[in-house]
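Structure, as structure tokens:
The values are calculated or read from the model by the stated rules, or taken from the named source; none is laboratory data. Computed from a predicted model, the values in this text were never measured in an experiment. In this analysis, Cβ positions are derived from the backbone assuming ideal geometry, glycine residues included, and neighbour counts consider all displayed protein chains.
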Amino acid sequence: MRYVAAYLLAVLGGNANPSAADIKKILGSVGIDAEDERLNKVISELKGKDIEEVMEAGRGKLSSMPSGGGVAAAAGGGGAAAGGGAAPAAEEKKEEKKEESEEESDEDMGFGLFD
């Protein structure tokens, strides 16, 4: 992922076809040593391609993947609208649980597992 990010930074900076040296320079500026094998793989996969088109194709692939979170959000939204006053009660319970958790964690401060 870091190689792709460095490649995109180089393209964003105006270099349409970054070389391995360009990407190594970017990664080196933040203390990352580039592995030649992975770096060459990224460059070979992206060489000669328009980054905008590659990103658009990726968005298309991601949009077809189920994310799993959409159903729960829709169900939760519908339940809150139908229930009306149920949502504030749920928030109060969450706040109470948080307070209890903080108190419990304060009790254990300064003691190790085997002390």
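Across segment 10-29, what is the number of residues that are loosely packed, with under 11 Cβ neighbours inside 10 Å and touching a residue at least 40 places away in the same chain (Cβ under 8 Å)?
Total meeting the criteria: 0.
Let me spell it out: the conditions are (1) in a loop (DSSP other than H, G, I, E, B); (2) small (Gly, Ala, Ser); (3) at pLDDT 90 or above, and residue 67 meets all of them except one. Which number is the exception?
Every listed condition holds for residue 67 apart from (3).
Only residues that are assigned to a helix (DSSP H, G or I) and over 15 Å from residue 51 (Cβ atoms): list them for segment 1-25, please. I'd like the intermediate steps shown before the answer.
Of segment 1-25, the ones assigned to a helix (DSSP H, G or I) are 2-12, 20-25.
The answer is 2, 20, 21, 24, 25.
Could you please find all residues in segment 30-46 being surrounded by 10 or more Cβ atoms within 10 Å (Cβ to Cβ) and outside any helix (DSSP H, G or I)?
32, 34, 35
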